[in-house]
Every structure is written in C-alpha cells, then in structure tokens.
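Accompanying notes for the structure given below.
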Amino acid sequence: MENKDRVIIALDVDNMADCRNRVDQLCEQVSVFKIGMELYTACGQDAVEYVHKKGSKVFLDLKFHDIPNTVASVSRVATQLGVFMFNVHACGGGEMMRWASEACVKEADRLGVEKPLLIGVTVLTSLSEEELQKELSVSRGMEEQVVALAQLAKESGLDGVVSSPKEIELIKNAVSKDFVVVTPGIRPEWFVNQGQNDQKRVLTPNRAFDLGADFIVIGRPVTQDASPRTAMQKVLEEIN
Ligand code: C5P
C-alpha cells in the first residue's frame with residue numbers, strides 16, 4: 001500500500017460546497033476521505049457520490065449501533081454504496097457485529113464487488129475510565145475493555161477497529177498483526193509546534209505507523225492550513 005492510501009482525510013464540513021472544495025484540493029494526494037455524521041446528515045449520498053466521482057474512496061464513519069437486523073440492513077446499503085470502509089459500535093455485541101459482517105460478505109458477493117472493510121469502535125476516546133466504570137457500570141479498566149471489545153470484534157468477523165494512539169500496540173499484540181487499526185488523533189510535529197492542538201493523546205504520522213497503525217485519520221492539521229496541499233505534502237514527506 002502506498003502512503004497516499006493509508007492517510008484518511010476527515011471531511012468535517014456541513015455542506016456540499018465545502019465538501020467539493022476539500023476533495024478537489026486533496027484528491028490527488030490522498031485516496032480516502034472520511035464522511036462522518038455531520039456531512040452525511042447534511043448532504044447524504046451526494047457527498048459519497050462526489051468522492052467516488054473524483055476517483056477517491058470513502059470511509060463512512062457513521063458508527064452504527066442498533067439491533068442486529070437493522071445493522072445488517074444498513075451494512076448491505078453501505079456495501080451497495082461502494083464505500084471502502086465503514087464502522088459499527090463494538091458494544092452493540094457479537095451478534096450485531098456478526099450479522100453486519102455476514103451481510104457485507106453476502107451483498108458484496110451478490111454484486112460482485114469488493115467487501116468494504118468493516119471496523120469496530122471499541123470505547124469512545126472521549127470517555128474516561130471513571131465514566132466507563134461509574135456511569136456505564138463496566139467493571140474492567142479502560143485498556144482491558146478496549147482489548148476485550150477488539151477481540152470480540154475479531155471473533156465476530158470484523159476487519160479491524162478504530163483505536164486511540166495509545167492503544168495501537170496493545171490491540172495488535174492482543175488480537176493479531178493483520179487486524180486493521182485506524183488511528184485518529186494525529187498531529188504532525190510542525191502543527192503542535194505552532195501551538196495548535198486540542199486532542200489529548202496525539203501521535204505524529206510516523207510514530208502512529210511505527211506502532212502499527214494501518215490507516216491514520218487527519219483533519220484540521222491539513223484542512224485548516226492556509227494551504228491544505230502544502231500541509232498534506234509535508235505529511236506525506238514526513239512519512240517517507
Ligand atoms: O481535526 P482532527 O485531526 O482532530 O480530526 C480527526 C477526525 O477523527 C475527526 O473527524 C474526529 O471526529 C475523528 N476522531 C477523533 N478522535 C477519536 C475518534 C474520531 O478525532 N477518538
């Protein structure tokens with residue numbers, strides 16, 4: 001895989017004009033764009049179609065979490081949309097993940113297309129261990145819970161998980177090296193040196209790949225730069 005295929009740019013915008021602008025700016029430098037709840041709620045499939053029209057791939061970051069039948073149905077639709085990757089909450093349980101995975105495999109087979117990568121979200125990184133234990137009554141510690149959900153995701157047929165920078169190695173060691181890890185919270189050194197950082201646990205692109213990340217997700221360090229193309233070029237050069 002080339003570096004441009006391993007860097008995912010977050011399209012955190014709420015209208016098609018900004019979506020088009022961002023994709024046009026960066027589609028020659030990266031292969032995958034992440035469409036999350038904000039853009040999807042605002043623009044729906046137009047955004048997916050636009051990314052595809054430009055020859056790029058979509059990570060549909062909608063974090064599905066519902067009863068197995070509903071998640072299986074939406075997994076079929078995501079497969080029909082031709083997205084490259086999408087995700088579900090691992091805490092929806094093994095049955096929900098198995099149904100999602102089986103629906104993707106069957107639908108891709110029926111359409112004769114490649115199956116999307118199906119990725120689990122373990123524990124939202126916005127949750128603290130205290131909240132996990134006190135509010136959600138989880139008795140395990142944070143790392144144990146993340147690893148247990150990653151293992152359940154693997155057993156249920158998922159291809160990988162989204163992981164905070166801190167947990168990449170832990171997951172790779174506990175599950176398997178070929179279990180896909182997608183990591184947000186990426187901050188190139190030059191960005192942090194400009195004093196611009198609100199993510200709590202961050203890694204540089206190089207460090208994330210060294211620790212075993214398969215894909216990294218970058219948003220503002222590139223998209224908010226005065227020249228997103230130059231910022232992206234710097235990221236790609238750093239990785240080389
Ligand atoms: O702008 P920034 O690089 O922080 O954007 C990262 C993207 O990854 C955003 O779309 C954000 O919602 C997402 N994300 C994150 N941290 C997580 C999970 C997802 O920043 N733990």
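Scanning the range 49-80 for residues that are assigned to a helix (DSSP H, G or I), open to solvent by less than 40 Å² (accessible area, probe 1.4 Å) and more than 16 Å from the ligand (Cβ to nearest atom) yields TYR50, PRO68, VAL71, ALA72, SER75, ALA78, THR79. How many residues are within 10 Å of the ligand (Cβ to nearest atom) and part of a strand (DSSP E or B) when one looks only at the range 26-46? The total comes to 3.
Among residues of the range 162-182 that are under 17 Å from ILE218 (Cβ atoms) and free of Cβ contacts under 8 Å to residues at least 40 places away in the same chain, those with a Cβ under 8 angstrom from a residue that is outside any loop (DSSP other than H, G, I, E, B) and open to solvent by less than 30 Å² (accessible area, probe 1.4 Å), sequence gap 6+ or separate chain, pair up as SER164/THR183; VAL181/GLY160; VAL181/VAL161; VAL181/ILE168; VAL181/ILE171; VAL181/LYS172; VAL181/PHE215. Tallying residues that are among the hydroxyl-bearing types (Ser, Thr, Tyr) and in contact with a Gly (Cβ under 9 Å, 6 or more places away or on another chain) within the range 154-169 yields 2.
Within the range 84-142, the set of residues being open to solvent by 60 Å² or more (accessible area, probe 1.4 Å), small (Gly, Ala, Ser) and within 16 Å of the ligand (Cβ to nearest atom) comprises just one member, SER126.
Does the range 3-25 contain at least one residue that is free of Cβ contacts under 8 Å to residues at least 12 places away in the same chain, in a helix (DSSP H, G or I) and either buried (at least 17 other Cβ atoms within 10 Å of the Cβ) or of a type outside the set (Gly, Ala, Ser) (or both)? Yes, the range 3-25 contains a residue that is free of Cβ contacts under 8 Å to residues at least 12 places away in the same chain, in a helix (DSSP H, G or I) and either buried (at least 17 other Cβ atoms within 10 Å of the Cβ) or of a type outside the set (Gly, Ala, Ser) (or both).
Scanning the range 209-236 for residues that are among the small types (Gly, Ala, Ser), away from the ligand (no atom under 12 Å from the Cβ) and surrounded by 20 or more Cβ atoms within 10 Å (Cβ to Cβ) yields one hit, ALA213. Filter the range 60-81 down to the residues that are among the hydrophobic types (A, V, I, L, M, F, W, C) and more than 20 Å from GLY112 (Cα to Cα), then identify the one that is nearest to the chain's Cα centre (by Cα). Ranking the candidates gives LEU60 first.
A quick yes/no check of all residues on (1) of a type in the set (Gly, Ala, Ser); (2) assigned to a helix (DSSP H, G or I); (3) more than 20 Å from VAL161 (Cβ to Cβ):
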site: GLU95; (1), (2), (3): no, yes, no
site: ASP109; (1), (2), (3): no, yes, yes
site: LYS115; (1), (2), (3): no, no, no
site: ILE119; (1), (2), (3): no, no, no
site: THR125; (1), (2), (3): no, no, no
site: LEU132; (1), (2), (3): no, yes, no
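Applying the condition of being within 14 Å of the ligand (Cβ to nearest atom) and open to solvent by 30 Å² or more (accessible area, probe 1.4 Å) to the range 161-189 and asking which residue is farthest from ILE119 (Cα to Cα) yields LYS166. Within this structure, ALA72 fails the test of being touching a Ser or Thr at 6+ places or on another chain (Cβ under 7 Å) and more than 26 Å from ARG20 (Cα to Cα). Is it the case, given these coordinates, that GLN199 is out of contact with any strand residue (DSSP E or B) (no Cβ under 7 Å at 6 or more places or on another chain) and more than 30 Å from ALA174 (Cβ to Cβ)? No, not satisfied. GLN45 meets each of the listed conditions (1) more than 18 Å from HIS89 (Cα to Cα); (2) buried (at least 19 other Cβ atoms within 10 Å of the Cβ); (3) not hydroxyl-bearing (Ser, Thr, Tyr) apart from (2).
The values are calculated or read from the model by the stated rules, or taken from the named source; none is laboratory data. Since we're looking at a predicted model, the values are computed, not measured. A quick note on method: Cβ atoms are made from the backbone with ideal geometry, for glycine too, and the neighbour counts reach across all protein chains shown. Accessible surface is based on the protein model in full, side chains and every heavy atom, while ligands, DNA and RNA are left aside. Shrake-Rupley method; radii C 1.70, N 1.55, O 1.52, S 1.80 Å.
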